[in-house]
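The next block holds one structure in the form of structure tokens; read it before the comments.
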Amino acid sequence: MKRIGTVIVAIVSVALVTLGVVRAQQGRAPSAAAGVPMTLTPMDYIEIQQLVIRYAKALDGCTNNGYDYADLYAPDGWFAGSTDGVLETPFKGRERLAEAAGGGSLKCAKLKRRGGLWIHVMANHLITPSPEGATGHVDLVYPLEHGNGFDVDHMGHVGHYEDVYVKTDKGWRFKSRVHVQPSTKPAA
């Protein structure tokens with residue numbers, strides 16, 4: 001009888017561990033549905049950071065005619081700019097997102113117009129767990145010198161991104177990304 005009890009305890013323990021692993025792989029804590037932020041693992045943080053890095057590379061190089069950029073978004077994901085609190089019309093859907101990167105029907109002509117590579121440097125990346133997955137805030141800087149095919153308006157700090165990240169069957173993706181431009185209003 002003692003041996004049967006040990007076997008039952010072992011089976012229940014394995015079942016509980018398996019349930020925990022499955023929930024971790026799904027990227028959701030049991031309480032996430034109740035509006036409690038999910039628990040992010042160290043690997044989740046790394047994967048979100050890699051998503052942001054892949055964003056810069058795909059956007060700057062207009063790789064795969066902009067579709068590498070578009071594929072960084074969840075199927076219902078979107079990108080928009082915002083100036084002085086006014087949200088521009090979002091780019092939604094794979095074709096429109098590829099165009100946001102300069103690709104798709106635009107055929108990456110931006111690379112020729114600006115004389116080659118554009119470099120997005122994103123700094124001070126803050127990732128915060130949320131019930132949906134995570135949110136992010138990251139500063140944007142263009143570190144290139146004037147005279148390399150860019151104008152002064154595209155040098156130095158050019159605002160920040162406000163992100164919503166979700167974990168999909170293809171890994172972490174942008175649910176939304178808003179480029180918040182520096183204010184155009186004169187300082188008071």
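No lab work stands behind these numbers, since they all come straight from the coordinates. Here the structure is a predicted model, which is why all the values come from computation and not from measurement. Glycine gets a Cβ as well: all are built from the backbone with ideal geometry, and neighbour counts include every protein chain shown.
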Cα to Cα, under 19 Å, and not fewer than 8 places away if on the same chain: which lysines meet these conditions relative to Lys175? Lys57, Lys92, Lys167
May I ask you to compute the full-extension gain from Ala187 to Asp71, defined as 0.36 nm times their residue separation minus their alpha-carbon distance, rounded to one decimal in nm? 37.9 nm
Plugging the Cβ-Cβ distance of Ser82 and Met43 into 1/(1 + (r/R0)^6) at R0 = 30 Å yields, to the nearest 0.05, a FRET efficiency of 0.45
Spin-label pair Lys112/Leu126, simplified geometry with 7 Å Cα→Cβ offset, distance in nm: 4.3
